[in-house]
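**Student:** Structure in structure tokens, see below.
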């Protein structure tokens, strides 16, 4: 167990989607984990997940156990594993059993489009770390087409609240061939005095009059909306259509599919990794 891929057991179990690191530590201390047939009961133990046989309750944590899904998130779902306000999350759309999935990156509540869900913590780190500059592409519906000088500003960069917001590219696009989720306002919330529950007031916005395809390398908070506001345009619809080499394609709203091994390798390559077995 002296290779470069040696990791703490609790990290291996967490990355494999067996349990959170805290729960994995409890499993180790309870003597439920073994490495190459040797029972482990201390938290300092390490293993190479690609070479060593790691088992939980006598069941191997198999190489290739990681799962990868592409989801077309509809508007109105939170891109987190759980929500303290009790709102529906993207995990509610992918009911696959006991594997511990988490979303890669974020997509605003009122936005739709491609979200990757996985149990592979290493790929998540690669795809979300700013250093690797993995491209994300968005189809943006606006109230009107920006002027040429404003399109150029999007690529040169816009200063907003002390941050520089910049698109890799911005180009005019045709309207999508199928309906998109129209932007809705989730911010107006009233208190119901009778049952003390919160009621969300949802107001549809107008249909977009113009469409852009924006390519970004960073994932700053509400970046596209801030960029559009800076040039005087209103975002009426927003769909993420690409993450690195992975395309949303024809996946319908609310649907998901498993990502192929070849697509996973391509995602690793886009983030500077070799493939899913090079962790």
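The values are calculated or read from the model by the stated rules, or taken from the named source; none is laboratory data. Quick caveat: nothing in here was measured; it's all calculated off a predicted structure. A quick note on method: Cβ atoms are made from the backbone with ideal geometry, for glycine too, and the neighbour counts reach across all protein chains shown.
**Student:** Return the residues of the range 75-102 that are closer than 17 Å to residue 238 by Cα and touching a helix residue (DSSP H, G or I) at 6+ places or on another chain (Cβ under 9 Å); say none if nothing qualifies.
**Tutor:** Residues satisfying the conditions are 77, 78, 79.
**Student:** Does the range 169-178 include one or more residues that are within 25 Å of residue 244 (Cβ to Cβ), in contact with a strand residue (DSSP E or B) (Cβ under 7 Å, 6 or more places away or on another chain), touching a residue at least 60 places away in the same chain (Cβ under 8 Å) and surrounded by fewer than 17 Cβ atoms within 10 Å (Cβ to Cβ)?
**Tutor:** Yes.
**Student:** Next question. Hey, does the range 238-258 have a residue that's buried (at least 19 other Cβ atoms within 10 Å of the Cβ), more than 16 Å from the chain's Cα centre (by Cα) and at negative phi?
**Tutor:** no
**Student:** Against the conditions (1) buried (at least 17 other Cβ atoms within 10 Å of the Cβ); (2) in the same structural domain as residue 244 (by TED's automatic domain parsing); (3) touching a residue at least 24 places away in the same chain (Cβ under 8 Å); (4) out of contact with any helix residue (DSSP H, G or I) (no Cβ under 7 Å at 6 or more places or on another chain), where does residue 124 fall short? Just the number, please.
**Tutor:** Single failed check for residue 124: (3).
So that you can scan it fast, the table gives a plain yes or no per residue for (1) modelled with pLDDT of 95 or more; (2) more than 27 Å from residue 229 (Cα to Cα); (3) under 22 Å from the mean Cα position of the chain (by Cα):
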site: 92; (1), (2), (3): no, yes, yes
site: 123; (1), (2), (3): no, yes, yes
site: 138; (1), (2), (3): yes, no, yes
site: 161; (1), (2), (3): no, no, no
site: 164; (1), (2), (3): no, no, no
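**Student:** Related question: In a loop (DSSP other than H, G, I, E, B) and more than 25 Å from residue 218 (Cβ to Cβ), is that true of residue 28?
**Tutor:** no
**Student:** With the requirement that a residue be assigned to a loop (DSSP other than H, G, I, E, B) and without any contact (Cβ under 8 Å) to a residue 60 or more places away in the chain, what does the range 209-259 give you?
**Tutor:** 220, 221, 245, 249, 250 - these are the residues of the range 209-259 that are assigned to a loop (DSSP other than H, G, I, E, B) and without any contact (Cβ under 8 Å) to a residue 60 or more places away in the chain.
**Student:** Any residue at all in the range 62-75 that is more than 30 Å from residue 113 (Cβ to Cβ) and in contact (Cβ under 8 Å) with a residue 12 or more places away in the chain?
**Tutor:** yes
**Student:** Here are some conditions: (1) touching a helix residue (DSSP H, G or I) at 6+ places or on another chain (Cβ under 6 Å); (2) at pLDDT below 90; (3) within 17 Å of residue 18 (Cα to Cα). Residue 105 meets all but one. Which one does it not meet?
**Tutor:** In the conditions (1) touching a helix residue (DSSP H, G or I) at 6+ places or on another chain (Cβ under 6 Å); (2) at pLDDT below 90; (3) within 17 Å of residue 18 (Cα to Cα), residue 105 misses (3) alone.
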